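What follows is a single structure, written as structure tokens, with notes after it.
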Amino acid sequence: MGKIAKYTRRGFLGLGLAAAGGLAVGYYYYKKPYPNPLPDTLAEGDFSFTPYVIIGSDNTITIITPRAEMGQGIHTTLAALVAEELGADMDQIATEHGPAAAAYYNGAMLKEGAPFPFFEDGFIAETARGAMGVLGKFLALQVTGGSSAAIDGFEKMREAGATARAVLLEAAAKRWGVDASGLTTERAEVINQSGGRLTYGDLASEAAKLTLAKPPALKDPSEWRILGKSQPRVELHEKVTGAAIYGIDVQLPDMLYATVAMSPRFGAKAKSADEAAAMAVPGVLNVVEIITTTGYGFGIIASNTWAAFEGARALALEWEAADYPADTTGLKALWNEALDKEASFTLGGEGDPEEAMLGAEVIEANYSLPYLAHTTMEPMNATAQFKDGKLDLWLGTQAPGIAAMATAKLLGIEPEDVNVITTRLGGGFGRRTEVDVPLYTAAIAAQTGGKPVKVTWSREEDIRHDTYRPMAEARLKATLKDGMPEALDYRVAAPSINKSVMRRSFPEFAERSNPDRSILDGSFDQPFSWPHSRFAAHQIDTDIPVGFWRSVGNSINGFVHESFLDELAAAGGQDPLAMRLSMMKDERHAPAREALKAVAAMANWGQALPEGVGQGIAHTLSFGTWVAEVVQVDMRGGAVKVEKIWAVADPGMVLDPANFEAQITSAIIYGLSAAIGQEITFDDGRVMQENFYDYDALRMAGVPPIEVALLENSPRMGGAGEPGTPPLAAALGNAIFAASGQRLRALPFGNEVEFDLG
Amino acid sequence: MELQVNGERHLVEVPADMPLLWVLRDMLDIKGPKFGCGVGACGACTVLINGVPTRTCVTAAADVDGEITTIEGLPDGERLHKVQEAWIKHEVPQCGYCQSGQILAAVALLEEVPQPTDADIDAVMTNLCRCGTYPRLRAAIHEAAGMEG
Ligand code: FES
Ligand code: FES
């Protein structure tokens, strides 16, 4: 039985409900805390210690892991942080996602939104980061994103464990009439000097009444037993037996099924719809209109999902025209017009590149990147029941708080009246932060007379209504001095993700959103010393929705910046590795140098390779993690065969090595799929791709061996889920250049060269 | 119509062209087979029909003639199938959404070729995994091939 019956899947599957009861006390947190959301939901005999730890009289220990588990193993890592300080072992604990609540805000995610490089730790940069973290608390963003969950949890979760342990020790000391300082803990038991033992469960009710005067001390990392070692993932068994409940698997009594047919021309309304034809499909029960901040369209309600899909097809919708250029060629022209105009803003940079370029030989290159869809394996879906002014929403979400705010506004109720139950996520990659799915689901649920309804998107709908990785066009100029990079003029045109997200989630703030640093992330903030440089963003504004795609702006600029450096190395007759190393002059760039040297050693960089075989190298610092990658390709057969990939990542501190390695590998394969073959294009105002046959990703045979090593030189902790992606496309393009002399400046590469995918 | 799923008989009343996937998921509440594409392109909906891996989103329920095994029917009582054990040992799943299909495809492969080479695995394991678990999938298949089962 789950510990928070009201919110667990067993709860909503109707297999059991526990009485609310128990006490919430002994709660210490070093900043003024949000209320602990757990007490109202506890079963009898259960006691909460901080918003993160529940201990039952039966000695069960449950750790609340309030971040979205989408395969990145975050529930395991967050639980390990608590268990380490609590004095329990991983086999003694269970995890639960817990409710959507302000107490679970993510401060670390916003921190890196400040416009400074990660390694910049001067007063202004630190103050800005601090202010961004406060904003996270203010908005209470319980978001899983920006590879930030472990960083955010690093202090909070350990303090929660230490706080619970301290009051348990105190309770035992009272019971035995001894001083707590002589007591130790082991496997969730308190042990006294004469060998007497009390279980945590035995002490829970007394301990929960105690409070602490000051924060408990945390262990020194040298004393860690759990952290720093690979832990078995907590949710593996359910994922190999089909028992994991994803959003799409939610089943409720009397549940209806539905799908959506939204306008494929973004921002455009419907011209005509054949509702009679849809209603004639057996099983179709109703067709309802959907009008939201994220799009216009229809919900088709039926007695099963397939009937709803068939009904959507039968609707034969016609749409008004969109406000943006109708095809990719027209869009590209708009992007290039923006590049001809003044920059919207610049970030970083030094010296005077314009002046430095006068009279010198200028190397120029233009780069192009397409829109990209996320294609999470589980298509978009949600289940909702709107009854008596309250909304229950079952959602695989990276942002339950935002979903609650948006749906409350749509339905004219208070956010407190929205109960978000976070299910397992069949992939996130940034897509499941968005409000479109909860909004359409709530709009449909408002028209079912109080019956629950599960809304599942077809794959076609999912690909054609994503919040895409932005299309980008870049224009670069540089000069060399004695063969070494001297001046850089870096311009990129792209839409603002922040603005697009704000328009959908908080439209009232959209026009006030600041310059979006993500347009330049992965360029100005990289560990290189240029005598002269300028990084300029040319912001585009269209109705085409853009969003957070694994590694966000870093995936764009990681490719552009690191490919162009390779071009400069070739132009200056330099080894690409040696040139990078000599540009990383600053002491603070040391982790980058070490990562590059380590990956070069693994790949045996510089070895004599046969004609037609080549290695490419790239490095990007993103989300606080320094990642260097080498790709080796063999083009002797004509097509490009990706033979092997080596990666070295330095997140400063590795909490779970096996899991971190899995995340880097996953991010590399995600980036490789995109670099080889993915693009979203437009024609007639709509996305042309619709399913895996025209927007595919790599399968087993196309994925080369990948070797990953981890370092811990960086001074602050970095993220896991995203930083593996940004260097990949550049390393691949650079390898193709090394093997063939052909420089690829437009993604996906598959448009220009053929790949051998096995 | 009658369907034999994981050793149980089910009688269902559905249109002749309704795909097996939706009969299993929406009518019989068997959620192991997942919806990924609806066009036979990803393998998330894979089940075994008389041991043959079949993409149920493009298989009409009315055309099914034989014993259907979904991931729920794979363990022998409490005892997991060796492929499932190998999956846990190598910590294959990330989000896990594709894994029911991957496991059933691997079970069928090992029935046919008990000691598969990498080339055998490449040829048969065509299911999509957006989390990129392929290196661990491959290692786990080799592991399972070496296990008693
Ligand atoms: S859902 Fe059947 S193959 Fe993709
Ligand atoms: S584990 Fe997520 S799609 Fe395969």
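The values are calculated or read from the model by the stated rules, or taken from the named source; none is laboratory data. This structure is a prediction, so every number in the text was calculated from the model and none was measured. Cβ atoms come from the backbone with ideal geometry, glycine included; neighbour counts cover every protein chain shown. Only protein heavy atoms, including side chains, enter the accessible area calculation; ligands, DNA and RNA are left aside. Shrake-Rupley method; radii C 1.70, N 1.55, O 1.52, S 1.80 Å.
Here is the interface size for A with B: some 4300 Å² of accessible area buried, both sides summed, with a 1.4 Å probe. If you look at the Cα atoms of the protein assembly as shown, you get an Rg and a Dmax of 27.4, 85 Å.
For the peptide A:71-78, the mean number of other protein chain Cβ atoms found within 10 angstrom of a residue's Cβ is 2. The range A:365-403 and the range A:482-511 have Cα centres separated by 23 Å.
Calculated on C-alpha atoms, the gyration radius of the range A:481-525 divided by its Kirkwood radius gives an Rg/Rh of 1.24. Once the C-beta distance of B:Val113 and B:Glu78 is scaled by a Förster radius of 22 Å, the resulting FRET efficiency is 0.20 to the nearest 0.05. Return the subset of A:Lys451/B:Lys31; A:Lys229/A:Lys641; A:Lys219/A:Lys644 for which the Cα-Cα distance in this structure is over 32 Å, preserving the input order. Pairs exceeding 32 Å: A:Lys229/A:Lys641; A:Lys219/A:Lys644. Taking each DSSP H run with n ≥ 4 as -39500 (n - 2.57) and averaging over every residue of chain A yields -9500 deg cm²/dmol at 222 nm. Taking 1.306 mPa s as the viscosity and 10 °C as the temperature, the Stokes-Einstein diffusion coefficient of the range A:304-383 based on its alpha-carbon Kirkwood radius rounds to 84 µm²/s. In this rough spin-label picture, where each label sits 7 Å from Cα along the Cβ direction, the B:Glu8-A:Glu361 distance is 7.6 nm. Restricted to Cα atoms, the range B:70-149 shows a radius of gyration and a Dmax of 11.5, 33 angstrom.
Between A:Lys271 and A:Glu289, full extension at 0.36 nm per residue minus the direct alpha carbon distance yields a gain of 5.2 nm.
Estimated from the Cβ-Cβ distance and a Förster radius of 25 angstrom, the FRET efficiency linking A:Asp388 and A:Ala280 is about 0.15.
Go through A:Ile402, B:Ile103 and list them by solvent-accessible area, largest first, probe radius 1.4 Å. Write down the numbers at each step before the final one.
Numbers: A:Ile402 25, B:Ile103 0 Å².
Final ranking, largest accessible area leading: A:Ile402, B:Ile103.
Annotation: lysines with alpha-carbon distance below 18 angstrom to A:Lys341 (same-chain offsets under eight excluded): A:Lys332, A:Lys477. Counting only aspartates and glutamates at least 8 places from A:Lys156 when in the same chain, those with an alpha carbon closer than 12 Å to its own are A:Glu85. Entry comment: accessible area of the range A:628-716 is 29 Å² per residue, from protein heavy atoms only and a probe of 1.4 Å. Shielding of peptide A:694-707 by partners, expressed as the average count of other chain Cβ atoms within 10 Å per residue Cβ, is 5.
Straight-distance candidates among the aspartates and glutamates for linking to B:Lys89, with alpha-carbon spacing under 12 Å and chain neighbours fewer than 8 residues away dropped: B:Glu143. Taking 16 Å as the cut-off, the amide N atoms of the range A:282-319 that come nearer than this to a point 7 Å along the Cα-to-beta-carbon line of A:Asp684 belong to A:313-319. The mean number of Cβ atoms from other chains found within 10 Å of a Cβ in peptide B:99-105 is 3, as a whole number. Solvent-free Debye calculation, one equal scatterer per alpha-carbon of the range B:2-72: log10 I(q)/I(0) at 0.12 Å⁻¹ equals -0.24.
For A:Lys481 and A:Asp327, calculate 0.36 nm times their separation in residues minus their Cα-Cα distance, and state this gained length in nm to one decimal. Walk me through the numbers before you get to the answer.
Values: separation 154, 0.36 × 154 = 55.44 nm, distance 4.18 nm.
Full-extension gain reported as 51.3 nm.
With R₀ fixed at 41 Å, the C-beta to C-beta distance from A:Glu186 to A:Lys451 puts the FRET efficiency at about 0.20.
Our note on the geometry: Cα centres of the range B:14-64 and the range A:160-212, 54 Å apart.
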